[in-house]
Every structure is written in structure tokens, then in C-alpha cells.
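The values are calculated or read from the model by the stated rules, or taken from the named source; none is laboratory data. Only a predicted model underlies this, so the values are computations on that prediction, with no experimental measurement involved. We place every Cβ from the backbone using ideal geometry, glycine too, and count neighbours over all the protein chains shown.
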Amino acid sequence: MILCEKKLLNNIKNNTALLSSLDSRSRKILQHIVESYIETGNPIGSKTLSKKLSPSLASATIRNVMSNLEGLNLLKSPHISAGRLPTETGLKLFIDGLLQVGDISSDEKSSIEALSVGTGKSLKDILSETSNALSGLSNCVSLVMAPTFERAIKHIEFVPLDNAKALVVIVDIFGLVENRIIDIPKGTPLINLIEASNFLNSRLAGSTLEDVKNTIEEDLLNHRKEIDIVSEKVIKAGLAIKTGDMDYPSLIVTGKNNIYNDISTQEDFKKINELFEKIEQEKILTELLKNSLSGTGVHVFIGADNKLFDYSGCSMILAPFKAKDNKSKVKTLGAIGVIGPIRVNYGRIIPMVDFTAKAISKLFK
């Protein structure tokens, strides 16, 4: 297990233990303070909170609870006379155990499902359109990562393009299609392309090209008298292909302008620009996305949870999309999520990201 995953699991365990140590009154007060912060961005005092609580509590009682929560590093005060704000720890605790997650509307579900239908579209178009839809519905930056890896092949076919080139159509066990153009001997007859396709298909059987490469090369030697020399050259050209280098970008980022709507100071503007510079480098963001691939459900990263958001005041909400291979083993194919302000509406965005990831997963069934 990689270090970041261990840290994430430890954070969840620590938050669970901390939450269980709080009495119901402390939980309720913490919940109201976080909800108020997400809604307004401002600290809330004991008098205001007393009016919101039902049944009402005395201001002095609320102040005592606030003080205890501050001692646990769940709350902080901007200055002495102000009310309280949640710390990152308090916000994470709220998300892990106190957040009331709602459901997205039927219209939102229909919009996402309509875009994530594979009929007549390339996977690149589906992922791009779905990312755009998620960005629009969430008013956040949306991102999709489809990791490149060697995938088992279900079918391979050679299609002539011209006198010296052929299109290799590769269908993997998840139903994803890749196209590659290869050089072939000039004037290669169609019968040789068919022979090459049949030879490879009879030996792949849900394996990767890399897995069966040595076996196929041995078979070529053993059956040299039976296989036309031209077909052999086509087969070797096919074996040289490396699947997994998809014809769409491994990282798609859309809706960058949305995050500027939450900027209030020049310092915030500078931080967001630094964030986008890191996103454009892709390395850190791709690593963070990979950290969510082996897990299940929705992952929420805030502040110190990752290198990307340490100074930007942003959060990232991610969910992996998965599929079963030909042996009914579930594989993670990628992740989709959003980047938004730390005060994003988690109760709405978390189920939206989760639903979108599941909609993409259905493409591969």
C-alpha cells in the first residue's frame, strides 16, 4: 500500500475515534458551525448559534463547548472577539461523520446519463462531454483521469488503408477500442491481413500482447511452413503495438474559470494561478488521482491532505470508475472529480461525483 493511501486510512480512523469521543451536544454545535461556514464563509458566535439550535442552548454553554472543540483543534477563532470557524480537521471530521449527503435531482441525473452513453461516440468525446457537464452542474473545475495501462485484448483486426499501411483495430475486454496505423509490406493482399488477424485472435484469449508475445513468436517459428511470409510480417508488426497509450489525453481538465468566482483578494488570485500552474504540469494532480484509484467510493481531499492544495484553499472530490474484466474481476479504469473552494457544498457535490463515476462505469458493462 502506498504511503498516501496509508495516510488517508489513518486520517479516517483518527476522525472516527475523535467523532465517537464527542457527545451529541458537541457534535451538533460542530455541525452547525461547519454548515454556517460553508454557507457564509464567516465565523459564527454563541449568540447567533443559540438562536439556530433546537432546543436552544444558553450562550455560556455554547461557548464552553466551542472552547472544548477549539482545544481539540476542530475550531479556530480569527481573533478574540470573533466567533468560531472550523479548522481543516474540523471540516474533515464533519465530512467523515456528520455530513448529511443528499441526492442530485432527476434532471441532473438525466443530463449526466445522456452524456455518458457510448453509442456512436468515441471514449474521448464521452469523457470530455461528461467532464464539461460535471463542471457546469457543480460550478467547479472538473477533471477526469483515464490511466494508461496494458489491457487484455478481446479482438484484433487488420484493415487495409493503402498500399503500405494498415489500420489495427484493437478491442479490449472492457469494450474500449483503440486504433493504430502500422506499416505493412507493399501490396499486402487482404487474405494476409485476415490470416494475421485470425492467428493473433486464436492465441490472445483475453491476454495482453505483452503476455503472449514470446509464445506467439515461438508459434511463428514452429509454424513457419504454414504461415505466409507476408502474414508473418503483419503479425510481427501487430506484436510491436503497445496498448494502453489511448488516443485521448490521460488527464482532462475543464471549467477552470469557475473557481475564480470564489476569489475575493489579490492573494487568493495568486494562489489560484499557482494551482493552475501545477495542474498544467499534471504530474502532481495525476499522482493524486492515482491515489484514489485503488479505493472505493468518493474521496475528499482538503488542504494538507495533499501537496496540490496546501496553499490554495481548495478541496478535491474524486470517485473512481470501474469495470469487470473477462474473469469478472473488478478493475479500476480511471477517476472523475471536481476541484472547488474549501467551502464547496459537499452534501450536493459528493453524490454528484459519485453518480457520474457510476454512470461512466456502466459504459464498460
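Count, please, the residues in region 161-180 that happen to be in contact (Cβ under 8 Å) with a residue 60 or more places away in the chain, out of contact with any Gly (no Cβ under 8 Å at 6 or more places or on another chain) and surrounded by 14 or more Cβ atoms within 10 Å (Cβ to Cβ).
Going through region 161-180 one residue at a time, the tally reaches 7.
Given 36, 59, 46, 20, which one is small (Gly, Ala, Ser) and either at pLDDT below 90 or more than 22 Å from residue 80 (Cα to Cα) (or both)?
20
Go through region 184-236 and count every residue that is under 19 Å from residue 162 (Cα atoms), surrounded by fewer than 11 Cβ atoms within 10 Å (Cβ to Cβ) and of a type in the set (D, E, K, R).
The total comes to 1.
Among the candidates 301, 321, 364, single out the residue that is more than 18 Å from residue 99 (Cβ to Cβ) and either out of contact with any Leu (no Cβ under 9 Å at 6 or more places or on another chain) or modelled with pLDDT of 75 or more (or both).
That would be 321, the only listed residue that is more than 18 Å from residue 99 (Cβ to Cβ) and either out of contact with any Leu (no Cβ under 9 Å at 6 or more places or on another chain) or modelled with pLDDT of 75 or more (or both).
Of everything in region 73-110 that's small (Gly, Ala, Ser) and in contact (Cβ under 8 Å) with a residue 60 or more places away in the chain, which residue is surrounded by the fewest Cβ atoms within 10 Å (Cβ to Cβ)?
Checked region 73-110; the qualifying residue surrounded by the fewest Cβ atoms within 10 Å (Cβ to Cβ) is 102.
Among the residues of region 177-198, is there at least one that is in the same structural domain as residue 255 (by TED's automatic domain parsing) and in a loop (DSSP other than H, G, I, E, B)?
no
Based on this model, can you work out whether residue 270 counts as among the basic types (Lys, Arg) and modelled with pLDDT of 75 or more?
In short, yes.
Within region 79-89, can one find any residue that is modelled with pLDDT of 95 or more, assigned to a helix (DSSP H, G or I) and within 27 Å of the chain's Cα centre (by Cα)?
No, the conditions are met nowhere in region 79-89.
Yes/no per residue for (1) touching a Cys at 6+ places or on another chain (Cβ under 7 Å); (2) under 21 Å from residue 348 (Cβ atoms); (3) not aliphatic (A, V, I, L, M):
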position: 20; (1), (2), (3): no, no, yes
position: 46; (1), (2), (3): no, no, yes
position: 60; (1), (2), (3): no, no, no
position: 89; (1), (2), (3): no, no, yes
position: 93; (1), (2), (3): no, yes, no
position: 99; (1), (2), (3): no, yes, no
position: 102; (1), (2), (3): no, yes, yes
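If you check residue 70 against the conditions, is it among the acidic types (Asp, Glu), closer than 19 Å to residue 23 by Cβ and surrounded by fewer than 17 Cβ atoms within 10 Å (Cβ to Cβ)?
yes
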